[in-house]
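**Q** Below you will find the structure I want to go over with you.
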Amino acid sequence: MDYVVTCAFGIEAVLKREMQALGLNITRSTNGRIYFQGDQKALFKANLHLRTADRVFILLGQSKVMSYDALFDFIKGLPLSETLSSKGKYHINAKAVKSTLYSPRDIQSITKKALIENLKVAYKKTEFKEEGEYYRLSIELLNDTVEVLLDTSGESLHKRGYRLKQGIAPLKETLASALVQLSFYNEGRVLYDPFCGSGTILIEAAMIAKNIAPGLSRDFAFLAFPWVDKQAFQTLKKEAYKAINHSPKGRILGSDNDMMALEMAKTNAIEAGVEDIIDFEFIDFEDHPFTEEYGIIITNPPYGERLETIEDAEILYRKMGAQFKRLKTYSIYLITSYPGVEGLLHKKADRTRVLFNGNIKTRYYQYYGPKPL
Ligand SMILES: C[S@@+](CC[C@H](N)C(=O)[O-])C[C@H]1O[C@@H](n2cnc3c(N)ncnc32)[C@H](O)[C@@H]1O
């Protein structure tokens, strides 16, 4: 089977590394999507284990189409009954970019007609009541090439199921995991997030340290498909539970000057099963002692939500510069949409990446410290 995994722009390289580590057979990649081939187990693994993926789709077909007739004929000719049942409810999303067919509404309705015609022939039925399991299809046109995709994830994979509460401007779990994976953090190092809010970065790091699969506590759309081997998926889940490391090395420390945010972070950490390895502290960034050597700071400092003015932001970022100056052995990673951070910190980052948190364009500033002795 051919599959497509989607992710936020800018984190494709991280996702690719995760896929390679899982042994998935990658065939190609483009902006925000990586293609792979495999059996059902590959589909289960991708949904259960990938930390930076948004969704996993089955690629039902791909073709050049420049007219609605061509689109209709293409969809009608696909072997859809191999994956779609005769009882399903079919929801179709359409998108078109730089293509002759540009109306999502028309693409959606032509596809639906062709799909029903296709299944009527395949199942020798005259009527479709659409009362059964749910199939969400995405019809995406780019430069006149259409891809017919069947969503296997259901809710976006950033929804791990642990975030019962969220603060102001939380990071997406997938992005937070990418930040950790782009840093020098590993299980043995001391990790700080001094503006931890609802704790997303630290919880994602702790899940990596404990080797907790990100999809262990959630549901997936593919579990409703009749042809899916649920027993095989349960076996994979059991293996994932067995692989959890209950006593990882290193320390993970979160702090914030908002008590409510810290309460949320603690609740979320408990839900994610990582409260035992994260210590949360109510302390203002300015007063933080940062006592350990060779620490790693990965943080998403505020901008815009509680700071009233640009001057407030500048004061805070200058204080950060003063704190960081004395942390000579630290590696420091900041994600923010605030421009001009490097100027205020008086230090140019070793590497800067543009990343998207939902629709918000942010930058990830990476300051590399020395390796621990
Ligand atoms: C953008 S939010 C962090 C969101 C977090 N990454 C999440 O996923 O929930 C910034 C956080 O910085 C905290 N904050 C603002 N000024 C602070 C300061 N001077 N010291 C410590 N925390 C501060 C806020 O309370 C807020 O929770």
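The values are calculated or read from the model by the stated rules, or taken from the named source; none is laboratory data. Nothing here was measured: the structure is a model prediction, and the numbers come from that model. Glycine also receives a Cβ, built like all others from the backbone with ideal geometry; neighbour counts cover every protein chain displayed.
**Q** Given the residues 232, 261, which is the only one that is assigned to a helix (DSSP H, G or I) and surrounded by 14 or more Cβ atoms within 10 Å (Cβ to Cβ)? Spell out how you get there, then give the answer.
**A** Numbers: 232 fails: surrounded by 14 or more Cβ atoms within 10 Å (Cβ to Cβ).
That would be 261, the only listed residue that is assigned to a helix (DSSP H, G or I) and surrounded by 14 or more Cβ atoms within 10 Å (Cβ to Cβ).
**Q** Residues being at pLDDT 95 or above, touching a Gly at 6+ places or on another chain (Cβ under 8 Å) and not polar (S, T, N, Q): count how many of those fall in the stretch 96-133.
**A** So the answer is 0.
**Q** Counting only residues that are small (Gly, Ala, Ser) and within 19 Å of residue 119 (Cβ to Cβ), which one in the stretch 64-91 is surrounded by the most Cβ atoms within 10 Å (Cβ to Cβ)?
**A** 88
**Q** If you don't mind, there's one more thing I want to ask. Kindly provide the set of residues from the stretch 335-373 that are part of a loop (DSSP other than H, G, I, E, B), among the polar types (S, T, N, Q) and touching a residue at least 12 places away in the same chain (Cβ under 8 Å), ordered by number.
**A** Narrowing the stretch 335-373 to residues part of a loop (DSSP other than H, G, I, E, B): 337-340, 346-350, 358-359, 368-373.
Subset that is among the polar types (S, T, N, Q): 337, 359.
Correct list: 337 only.
**Q** Right, something else. Quick test for you: out of 16, 45, 64, pick the one residue that is closer than 25 Å to residue 234 by Cβ and at pLDDT 95 or above. It would help to see each step written out before you state the result.
**A** Working: 16 fails: closer than 25 Å to residue 234 by Cβ; 64 fails: closer than 25 Å to residue 234 by Cβ.
Result of the check over 16, 45, 64: 45.
**Q** Another question, if that's okay. Kindly list, by first and then second residue, each pair from a residue in the stretch 242-266 that is in contact (Cβ under 8 Å) with a residue 40 or more places away in the chain to a residue that is in a strand (DSSP E or B) and away from the ligand (no atom under 16 Å from the Cβ), limited to pairs with Cβ atoms under 6 Å and residues at least 6 apart or on different chains.
**A** 251/190
**Q** Among 120, 112, which is the only one that is touching a Phe, Trp or Tyr at 6+ places or on another chain (Cβ under 9 Å), without any contact (Cβ under 8 Å) to a residue 12 or more places away in the chain and either crowded, with 17+ Cβ neighbours inside 10 Å or not polar (S, T, N, Q) (or both)? Let's see the steps before the verdict.
**A** Values: 112 fails: without any contact (Cβ under 8 Å) to a residue 12 or more places away in the chain.
One residue alone meets the criteria, 120.
**Q** Counting only residues that are modelled with pLDDT of 90 or more and crowded, with 18+ Cβ neighbours inside 10 Å, how many does the stretch 310-322 have?
**A** 3
**Q** Tally the residues that are within 13 Å of the ligand (Cβ to nearest atom), in contact with a Gly (Cβ under 8 Å, 6 or more places away or on another chain) and over 21 Å from residue 173 (Cβ atoms), restricting the search to the stretch 247-277.
**A** Going through the stretch 247-277 one residue at a time, the tally reaches 0.
**Q** Can you give me the number of residues within the stretch 294-309 that are in a strand (DSSP E or B) and modelled with pLDDT under 95? Quick ask: steps written out before the conclusion?
**A** Initial filter on the stretch 294-309 (in a strand (DSSP E or B)): 296-299.
Those still in the list that are modelled with pLDDT under 95 too: none.
Of the residues in the stretch 294-309, 0 are in a strand (DSSP E or B) and modelled with pLDDT under 95.
Per-residue answers, yes or no, for (1) among the β-branched types (Val, Ile, Thr); (2) touching a helix residue (DSSP H, G or I) at 6+ places or on another chain (Cβ under 8 Å):
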| residue | (1), (2) |
| --- | --- |
| 200 | yes, yes |
| 203 | yes, yes |
| 232 | no, yes |
| 243 | no, no |
| 248 | no, yes |
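**Q** Next up: For the stretch 7-53, which positions are in contact with a Phe, Trp or Tyr (Cβ under 6 Å, 6 or more places away or on another chain) and aliphatic (A, V, I, L, M)?
**A** The answer is 8, 24, 26.
**Q** Okay, moving on. I'm trying to understand the selection: among the residues of the stretch 278-299, which are away from the ligand (no atom under 12 Å from the Cβ) and either of a type in the set (Asp, Glu) or surrounded by fewer than 21 Cβ atoms within 10 Å (Cβ to Cβ) (or both)?
**A** Residues satisfying the conditions are 279, 289, 290, 291, 292, 293, 294, 295.
**Q** I need the full set of residues from the stretch 229-257 which are among the charged types (D, E, K, R) and out of contact with any strand residue (DSSP E or B) (no Cβ under 9 Å at 6 or more places or on another chain), in order please. Walk me through how you get there before you give the answer.
**A** Here is the first cut: in the stretch 229-257, the residues among the charged types (D, E, K, R) are 229-230, 237-239, 242, 249, 251, 256.
Residues satisfying the conditions are 229, 230, 237, 238, 239, 242, 249.
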